[in-house]
1. Specify which of the listed residues (Val62, Val75, Val101, Val53) is part of a helix (DSSP H, G or I), under 18 Å from Phe5 (Cα atoms) and either of a type in the set (Val, Ile, Thr) or modelled with pLDDT under 90 (or both).
2. Would you pick out the residues in region 7-42 that are touching a residue at least 60 places away in the same chain (Cβ under 8 Å) and in a helix (DSSP H, G or I)?
3. Check Trp107 against each of (1) part of a helix (DSSP H, G or I); (2) in contact (Cβ under 8 Å) with a residue 40 or more places away in the chain; (3) closer than 27 Å to Glu13 by Cβ and name the one condition it does not meet.
4. Please count how many residues of region 115-130 are surrounded by 13 or more Cβ atoms within 10 Å (Cβ to Cβ) and either hydrophobic (A, V, I, L, M, F, W, C) or touching a residue at least 40 places away in the same chain (Cβ under 8 Å) (or both).
5. Has region 48-55 got at least one residue that is among the hydroxyl-bearing types (Ser, Thr, Tyr), out of contact with any Phe, Trp or Tyr (no Cβ under 8 Å at 6 or more places or on another chain) and touching a residue at least 40 places away in the same chain (Cβ under 8 Å)?
6. Would you check which residues across region 104-133 are of a type in the set (Ser, Thr, Tyr) and either modelled with pLDDT of 90 or more or more than 25 Å from Tyr50 (Cα to Cα) (or both) and list them?
Amino acid sequence: MERFFRRFIDLIEWWAVLLLVLMVVVVSLGVFYRYALNSALAWYDEFASYLLVWLTFYGSVVASYRGRHIAFELVVDRLPPQVGRMLRFLSESLVLGFQTVLFYYGWLLNVKMGDETAISLVWIKMGWIYSVLPIAGGLMLIISIDRLVRIAFTAQVQKKGGAAWSGSSSE
């Protein structure tokens, strides 16, 4: 099951890469039309915004799975193992609470506003746009539940992606 989920996360990462490429193409097209052809596209800004939101949420799923979100690992790792474990459990419980809110209210927003259409792209239903909230929230919920179980029942919790990013451009 772990292997399947890891491949699924890799697929989501490629989806995020595709979203980034598409966003760059759309913004570049908008800039070209505005400055080279002196004729602005009415839809590119709104569409690029939707792509950025999707990229952010799907990227958050990948970051959550790989343990790359902001944390105080340096501090927690220097505490006694039991205290560090309790803090990790508390932290992941709070994250789980947020993801539950994201999933639930994202679902409600999608149900309530799903039939509305985008302003400049009337063929795009807002349900498609808002679907990222319950999808990303649900996936991160699964990740957090798995991590909570691992914290509760194993002595050492290993991050999926290895060491955290140090901020160096050479990584």
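The values are calculated or read from the model by the stated rules, or taken from the named source; none is laboratory data. Since we're looking at a predicted model, the values are computed, not measured. Neighbour counts run over all protein chains shown; Cβ positions are idealised from the backbone, glycine included.
1. Testing whether each residue is part of a helix (DSSP H, G or I), under 18 Å from Phe5 (Cα atoms) and either of a type in the set (Val, Ile, Thr) or modelled with pLDDT under 90 (or both) leaves just Val62.
2. Ile12
3. Failing condition for Trp107: (2).
4. The total comes to 7.
5. Taking every residue of region 48-55 in turn, at least one turns out to be among the hydroxyl-bearing types (Ser, Thr, Tyr), out of contact with any Phe, Trp or Tyr (no Cβ under 8 Å at 6 or more places or on another chain) and touching a residue at least 40 places away in the same chain (Cβ under 8 Å).
6. Tyr104, Tyr105, Tyr130, Ser131, listed by residue number.
Conditions (1) in contact with a Phe, Trp or Tyr (Cβ under 8 Å, 6 or more places away or on another chain); (2) surrounded by 15 or more Cβ atoms within 10 Å (Cβ to Cβ); (3) closer than 26 Å to Arg150 by Cα, marked per residue:
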position	(1), (2), (3)
Tyr58	yes, yes, yes
Val62	no, yes, yes
Arg78	no, no, yes
Pro81	no, no, yes
Ser93	no, no, yes
Leu96	no, yes, yes
Tyr105	no, no, no
